[in-house]
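Take a look at the structure below.
The values are calculated or read from the model by the stated rules, or taken from the named source; none is laboratory data. None of these values were measured; they are calculated from a predicted model. Neighbour counts are summed over all protein chains in view; Cβ atoms, including those assigned to glycine, are modelled from backbone coordinates with ideal geometry.
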Amino acid sequence: MFGLHYRLERKSIPFILAIVGVASIGGFVEIAPLFTIHQTVEDAPKMRVYTPLEVAGRNIYMREGCYACHSQMIRTLRDDVERYGHYSLAVESKYDHPMLWGSKRTGPDLARIGGKYSDQWHVIHLDNPRAVVRQSVMPRYDWLMRTELKTSDLGLHLKALRAVGVPYTDDMIANAPVDAYGQAAPDSPVSEGVVKRYGAATNVRAFDGRPNELTEMDALVAYLQILGQLTSPGADSVAQAKERP
Amino acid sequence: MIAQLTSSERHTALAILLLLALCGLTMAGVGRDDLFGVHGALVLVAAVGGIFAVGANFYAPEPSQHRLEHYYDDPSKIGIVLSLVWVVFGLFIGDWVAWLLVNPDLTFDAGWSSFGRLRPVHTTSVIFGFGGNALIATSFYVMQRTSRARLPDQLSPLFVLFGYNLFCVLAVTGYMLGITQSREYAEPEWYADIWLTIVWIAYLVLYLRTLARRKEPHIYVSNWYYLAFILVVAMLHIVNNLAVPVSFGHAKSYSLFSGVQDAMTEWWYGHNAVAFFLTSGFLGMMYYYLPKRAGRPVFSYRLSIISFWGITFFYIWVGSHHLHYTALPQWVQTLGMTFSLMLLVPSWASASNALLTLNGAWHKVRDDATLRFMMVAAVFYGLTTFEGSFMAIRPVNSLSHFTDWTIGHVHAGALGWVAMITFGSIYASVPWLWKVKQMYSAKLVEAHFWLALAGTVVYVFAMWNSGIVQGLMWRTYNESGTLAYSFVDSLVAMHPYYIARAVGGFLFLAGAVIGCWNVWMTTRWAARVQAPEWQSESAVAAAPALQPAE
């Protein structure tokens, strides 16, 4: 064996081919089957896609590095489940390009934060976390309320997401900027289109409390309020997994 | 630097820079409604700066033919200086964000300065800015000595070095502006990733061209590790960053993968960035500088073969240990855990090979802080790899994951292993590169050593404590069977440890600043003692010729 190596280390090209070969095996065995084995991701036929406003909110969540301190992955451990809710299913991040499972909980897990607090709580908390949780070490995000949300290119965002596999329709793409506005302006005529395209369960509210202005705060709160709400893990998907022969 | 290039190399340099300026201009034009345009302008400014630098020496006389008789060390010198600049910047940001967790209001009322944006600035600056530049600088040095061959040309090493730093600048400024893929340790967006791919291919080609010119029949073990670092990082980088941009005028892109497949790809990348960037590359450094400085041959050739292939094969499997108890299928988690445990064998083989090499030279370890940096690095390498394998065991991970224990583990590796071996190698190579007998001040090297060691120990102990306390509080139940502590209770309990951590980080930063000053004084001292005779024929003859390294 060492004799073989003695010859191998005299030739640079065979040597680098050997490195590439040896280093490829593990990744190939672990990653490739995840795309082909059907059971890897559960079925959730009723799962809906993110609205344009939620996509924008998700992008703000990434931009501000929220994932550095908050996970979105409830593990199958008793204390995780009792603290944060039903353990996370693979299907729940099916439309997450990229996933935001996170690696650190400087703050609590957010996988099921949606609906747990009111919009107003989120707005106050993001404006100054210490106004509602005195001991919090979270940064203030007060400028979100002052920053107008850029919606003009949301159609392009949805189109790119469709290219990587999220089932957005042409109708959704064409109306993306209008829907973003409509979702945060419940009394406006354009809000009906959001419900029509994304379903009756969609939150249509003035998330930041000001229906006339569309701010980054609207988008981020809309996203936080949908976390864990795209499908109900307790009901259809788990039941289906059991039915499968 | 430019005067050392031949006139045809100056022409090529100018052509490359003009092309880069054109790219920058195009980016600035098509991306004017997006942050993409800001980065276009940045690329343009960098290219124009380069054009001025080349232009100023464009008609300088041709470099002497004597240069071909000596190694080409300018890129190594520049690389070392750049890595020192990055380390001070990166450690400063790191310590700042550490204090932000003590008092979250120690910042400005602006997006760029919030914790979430600065944290990747810290990680990228220290891993890629400091570590990457040190790896490139030392690899140029080592590949020439161990091959007894000069670099094949003078332009491509500069292209690799400056191209790589442009990538780092795009990355770090991007986070502050709000440009990120949010993939941990792979945050830069698609265009920066494409640029890095180009630079990286140039790096590989340069390495292979130098090896092709070698006068030693065997490729020395350091080069195996540097090659594994270059090749596997390329593979990881390309696959992990596959994405569809929103448009060619947008900085934003969407990852090709989603959910569970994306998580596995990201941690396949993430853990192997640790493996092939932070381990493989620095082992290459260790296998050259430690035996050289100790004046001892490597303890065992066979042990180095076993550990090299062991690390290359086992490491790539272990990424899934970041995803225990998640929605990732259990069989992948189990594979990750199993291979993490097996990985301990080649890791400890490397660490013991390094420490046994010091047999017969322990008196030097006692007297010479530079060698002691390297010895302590090997010890921390052994400790950290043991800890890593331990934390990959599923039940242990159920406690440690998501807590500060992970942060402590990472810093035991990053400060104790990566930074220590790098500082040791820098202190060894600065006098060799600048042609002086020793560093400006051995006492300051000693001071740096103790500050670095104290900082690392304080940091790691603080995070072990906070991590384990946090993990235990999260899973403690009352007698009535309900959770005993709220999340906020655990946060409050962290406060003293966060202060200790920030103090430890400050000590480490102080050491690095002293190191920079020492290197700066050494180069000034070198310029003073050598400038007059350096131009004379005798001095050129005395300069290091193409000699074997071992």
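Here are a few things to note about the model shown:
- Of all residues in region B:46-83 being of a type in the set (S, T, N, Q) and surrounded by 13 or more Cβ atoms within 10 Å (Cβ to Cβ), the one that is farthest from B:A149 (Cα to Cα): B:N57
- Region A:59-101 - residue that is charged (D, E, K, R) and assigned to a loop (DSSP other than H, G, I, E, B) and, of those, nearest to A:L161 (Cα to Cα): A:D96
Yes/no matrix, rows are residues, columns are (1) surrounded by 19 or more Cβ atoms within 10 Å (Cβ to Cβ); (2) more than 8 Å from chain A (Cβ to nearest Cβ):
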position: B:A234; (1), (2): no, yes
position: B:I238; (1), (2): no, yes
position: B:N241; (1), (2): yes, yes
position: B:V246; (1), (2): yes, no
position: B:W267; (1), (2): yes, yes
position: B:A273; (1), (2): yes, yes
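- Qualifying residue in region B:194-213 (condition: crowded, with 20+ Cβ neighbours inside 10 Å, aliphatic (A, V, I, L, M) and within 7 Å of another protein chain (Cβ to nearest Cβ)): yes
- No other residue among A:E64, A:E54 is modelled with pLDDT of 95 or more and farther than 17 Å from B:G116 by Cβ apart from A:E54.
- Considering region A:28-58, the residues that are assigned to a loop (DSSP other than H, G, I, E, B) and among the hydroxyl-bearing types (S, T, Y) include one that is farthest from the other protein chains (Cβ to nearest Cβ), namely A:T51.
- Where B:G504 falls short, out of the listed (1) touching a residue at least 60 places away in the same chain (Cβ under 8 Å); (2) touching a Phe, Trp or Tyr at 6+ places or on another chain (Cβ under 6 Å); (3) not basic (K, R): (1)
Yes or no, residue by residue, for (1) within 14 Å of chain A (Cβ to nearest Cβ); (2) under 30 Å from A:K104 (Cα atoms); (3) in contact (Cβ under 8 Å) with a residue 12 or more places away in the chain; (4) surrounded by fewer than 24 Cβ atoms within 10 Å (Cβ to Cβ):
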| residue | (1), (2), (3), (4) |
| --- | --- |
| B:F308 | yes, no, yes, no |
| B:S320 | yes, yes, yes, no |
| B:L341 | no, yes, yes, yes |
| B:P346 | yes, yes, yes, yes |
| B:S352 | no, no, yes, yes |
| B:R366 | no, no, no, yes |
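- The set of residues in region B:112-145 that are within 14 Å of chain A (Cβ to nearest Cβ) and touching a helix residue (DSSP H, G or I) at 6+ places or on another chain (Cβ under 6 Å) comprises B:W112, B:F115, B:G116, B:R117, B:L118, B:R119, B:P120, B:V121, B:H122, B:T124, B:M143.
- Within region B:13-39, the set of residues being over 20 Å from B:S156 (Cα atoms) and touching a Phe, Trp or Tyr at 6+ places or on another chain (Cβ under 9 Å) comprises B:M27, B:A28, B:V30, B:G31, B:F36, B:H39.
- Region A:103-129, residues that are more than 8 Å from chain B (Cβ to nearest Cβ), out of contact with any Lys or Arg (no Cβ under 8 Å at 6 or more places or on another chain) and not hydrophobic (A, V, I, L, M, F, W, C): A:R112, A:G114, A:G115, A:K116, A:Y117, A:S118, A:Q120, A:H122, A:H125
- Scanning region B:1-17 for residues that are in contact (Cβ under 8 Å) with a residue 24 or more places away in the chain and either surrounded by fewer than 15 Cβ atoms within 10 Å (Cβ to Cβ) or in the same structural domain as B:K252 (by TED's automatic domain parsing) (or both) yields B:M1, B:A3, B:T6, B:S7.
- Total residues in region A:102-137 satisfying the condition of being basic (K, R) and outside any loop (DSSP other than H, G, I, E, B): the figure is 2.
- Given (1) modelled with pLDDT of 95 or more; (2) not hydroxyl-bearing (S, T, Y); (3) not in a helix (DSSP H, G or I), number of the condition B:A60 does not satisfy: (1)
- Of the residues making up region A:191-228, just one is among the polar types (S, T, N, Q), in contact with a Lys or Arg (Cβ under 8 Å, 6 or more places away or on another chain) and in a loop (DSSP other than H, G, I, E, B), namely A:T202.
- Some residue of region B:101-117 being assigned to a helix (DSSP H, G or I) and either among the aliphatic types (A, V, I, L, M) or under 16 Å from the mean Cα position of the chain (by Cα) (or both): no
- Residue check for B:I16: of a type outside the set (S, T, N, Q), closer than 22 Å to B:Y191 by Cα and either over 28 Å from the mean Cα position of the chain (by Cα) or assigned to a helix (DSSP H, G or I) (or both): yes
- A single entry from A:S88, A:S12, A:S71 fulfils the requirement of being out of contact with any strand residue (DSSP E or B) (no Cβ under 7 Å at 6 or more places or on another chain), of a type in the set (S, T, N, Q) and under 29 Å from B:F276 (Cβ atoms): A:S12.
- Among (1) modelled with pLDDT of 95 or more; (2) within 21 Å of B:G178 (Cβ to Cβ), the one test that A:M172 misses: (2)
- Flag if B:E9 is charged (D, E, K, R), over 28 Å from the mean Cα position of the chain (by Cα) and under 24 Å from B:I136 (Cα atoms): yes
- Of all residues in region A:138-154, those satisfying the criterion of being surrounded by fewer than 22 Cβ atoms within 10 Å (Cβ to Cβ) and assigned to a helix (DSSP H, G or I) are A:W143, A:M145, A:R146.
- The residue of region A:60-86 that is surrounded by the most Cβ atoms within 10 Å (Cβ to Cβ), among those that are touching a Lys or Arg at 6+ places or on another chain (Cβ under 7 Å) and facing chain B (nearest Cβ under 8 Å), is A:S71.
- Checklist (1) among the polar types (S, T, N, Q); (2) surrounded by fewer than 16 Cβ atoms within 10 Å (Cβ to Cβ); (3) touching a residue at least 40 places away in the same chain (Cβ under 8 Å) applied to A:T36, failing item: (3)
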